[in-house]
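Only one structure is covered here, and it is reproduced in the block below.
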Amino acid sequence: MAWAGYQLNWIRQRHEFLARHAALSEEYDVRPPVPKVPSSHPFHSVFGTYNRKAKKSRSNFLWLFGEPRQDSMTLVVEVDQEPPGFLSNETLQRMLPEEEFELAERLFPEADLRFQIVWPAPPIAG
């Protein structure tokens, strides 16, 4: 009985995590490589791949409870200004909120994790 309760709690946490990130993902339409730029909210962005600290694992029993596997997911991170310097994947990853990505790793051990860092576009001179 405790095992089933653990699995259901894990599913609840996954759904809460996805709901928290759904609004930002929708706002910036996280489909690489060309994000949709709403005219009311122009932005620039860069995509990267999160290098997991834990090995990816596809073995869990959430499917027994109807929980679909997440093969990949992209988390949006907002920053106030364009990241300076050369934007290597390692440089970008250091800008990410570590706790949120560690949580994503724990909740979605089966997923490839990607990120999109977004910042406001500069005003158009005119």
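With an 8 Å Cα cut-off and a minimum separation of 6 or more residues, compute the relative contact order for the chain in percent.
Relative contact order, the chain: 39 percent.
Tally the DSSP beta bridges in segment 2-120 and give the antiparallel ones as a percent, rounded to 5.
50 percent
Taking H placed 1.01 Å from N in the peptide plane, check which residues at least 5 places from PHE43 or on another chain put their amide H under 5 Å from its amide H.
Result for PHE43 returns ALA121.
Pairwise over distinct Cα atoms, reciprocal of the mean inverse distance: report the Kirkwood radius of segment 2-120 in Å, one decimal place.
15.5 Å
Most exposed first by the Cβ proxy, i.e. fewest other Cβ within 10 Å, how do ILE11, ILE117 rank?
ILE11, ILE117
Using only Cα atoms, find the angle between the long axis of helix 2-28 and the longest principal axis of the chain, and express it within 0 to 90 degrees, rounded to the nearest 10.
Around 10 degrees separate the two axes.
Compute the acute angle (0 to 90°) between the alpha-carbon long axis of helix 98-107 and the principal axis of greatest extent of the alpha-carbon atoms of the chain; round to the nearest 10°.
40 degrees
Read-outs: derived from the displayed coordinates by stated rules, not from any lab. Predicted, not measured: the structure shown is a model, and the values here were computed from it. So basically every Cβ, Gly included, is an ideal-geometry build from the backbone, and we count neighbours across all protein chains shown.
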